[in-house]
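The values are calculated or read from the model by the stated rules, or taken from the named source; none is laboratory data. Computed from a predicted model, the values in this text were never measured in an experiment. We place every Cβ from the backbone using ideal geometry, glycine too, and count neighbours over all the protein chains shown. To get the accessible areas, we keep the full protein, side chains included, count just its heavy atoms, and leave off ligands, DNA and RNA. Shrake-Rupley method; radii C 1.70, N 1.55, O 1.52, S 1.80 Å.
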Amino acid sequence: MISVSSVRLTTDVLMRPATPEDATGLARSYLRSRDHLRPWEPDRDEAFFTPAGQAARLRESLAERHAGRAMPWVLVREPDGGGAEPDIVGTITLSGIVRGPFRSGNVGYWVDAGQVRRGLASAAVRAVCAAADAELGLHRLQAGTLLDNTASQRVLTKCGFTPFGTAENYLHINGAWRDHRLFQKILNDRRP
């Protein structure tokens with residue numbers, strides 16, 4: 001099982017490993033951000049936006065973590081002392097982790113519609129790069145964006161990723177197979 005630390009991204013947002021108890025908060029955030037995320041996400045059925053749907057996704061994601069193939073985090077906004085519950089405002093996942101001579105993984109992330117332009121995506125990507133290098137011993141990370149997702153491309157370039165190609169019909173997003181610009185970041189030159 002992969003074990004990594006939590007990281008404070010801002011004074012009010014913590015990036016921590018996802019847990020089964022995050023299902024309700026994730027459903028709430030996905031529902032709140034549904035229209036905002038639609039252009040960048042696969043088609044989602046109604047069950048996806050429910051606590052039960054998110055619980056099923058978390059079980060799969062946490063099984064991948066237990067097998068050493070993924071590391072899912074949630075971005076949690078903590079209340080201002082008013083007694084409210086913490087609110088999930090995004091996720092970032094390191095998936096497709098391969099060891100051996102490749103030592104690589106894929107980064108995917110999203111930020112809640114009400115939290116954009118706060119630097120959360122950039123802070124989360126930097127934190128995942130640091131964890132992938134120092135805690136997981138990976139050599140390289142990869143991420144893909146839709147060709148017109150310039151905001152995500154800016155996040156990646158700010159975090160030291162460089163484009164290395166375009167993948168035609170890479171993922172089925174928002175109802176169609178879409179081309180993606182691929183980015184990578186070499187984390188270190190250590191031997192595997």
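For the chain, DSSP calls about 90 percent of its internal beta bridges antiparallel. Distance between the modelled labels on Glu78 and Ala130, one decimal in nanometres: 1.6 nm (7 Å Cα→Cβ projection). Helix-only arithmetic for the chain: the sum of -39500 (n - 2.57) across DSSP H runs with n ≥ 4, divided by the residue total, places the mean residue ellipticity at 222 nm at -8500 deg cm²/dmol. Computed over protein heavy atoms with a 1.4 Å probe, the accessible surface of the chain works out to 51 Å² per residue.
Starting from the Cα of Phe102, move 7 Å in the Cα-to-Cβ direction to define the label point; list residues of region 127-149 whose amide nitrogen is under 15 Å from there. Inside the label zone: 138-143. When the surface is traced with a 1.4 Å probe over the full set of protein chains, His172 keeps roughly 70 Å² accessible. Quick check: net charge around Val13, other residues with Cβ under 12 Å of its Cβ, Lys/Arg +1 and Asp/Glu -1? Net of charged neighbours comes to 0.
The trypsin sites (Lys or Arg not before Pro) of region 76-141 meeting both criteria, a DSSP state outside H, G, I, E and B (loop) and at most 10 other C-beta atoms within 10 angstrom of the site's C-beta, are Arg117. Rounded to the nearest whole Hz, the Karplus-based 3J(HN,Hα) values (6.51 cos²θ - 1.76 cosθ + 1.60, θ = phi - 60°) of region 33-39 follow the sequence 9, 3, 5, 4, 8, 3, x, with x at glycine and proline.
Restricting the calculation to alpha carbons of region 87-192 gives Rg and Dmax of 14.0, 42 angstrom. Counting only protein heavy atoms and a probe of 1.4 Å, the accessible surface of the chain is 52% carbon and sulfur. If you sort Phe48, Phe164 by accessible surface, 1.4 Å probe, largest first, the order is Phe164, Phe48. Over the chain, all Cα pairs binned in 10 Å intervals from 0 give whole-percent P(r) values of 9, 35, 40, 14, 1, listed from short to long. Summing +1 for each Lys or Arg and -1 for each Asp or Glu among the other residues whose beta-carbon sits under 14 angstrom from that of Asn169 gives 0. A simple rule links phi to the HN-Hα coupling: the Karplus curve 6.51 cos²θ - 1.76 cosθ + 1.60 with θ = phi - 60°, which for region 153-161 gives 5, 5, 4, 5, 5, 4, 8, x, 7 Hz, with x for Gly and Pro.
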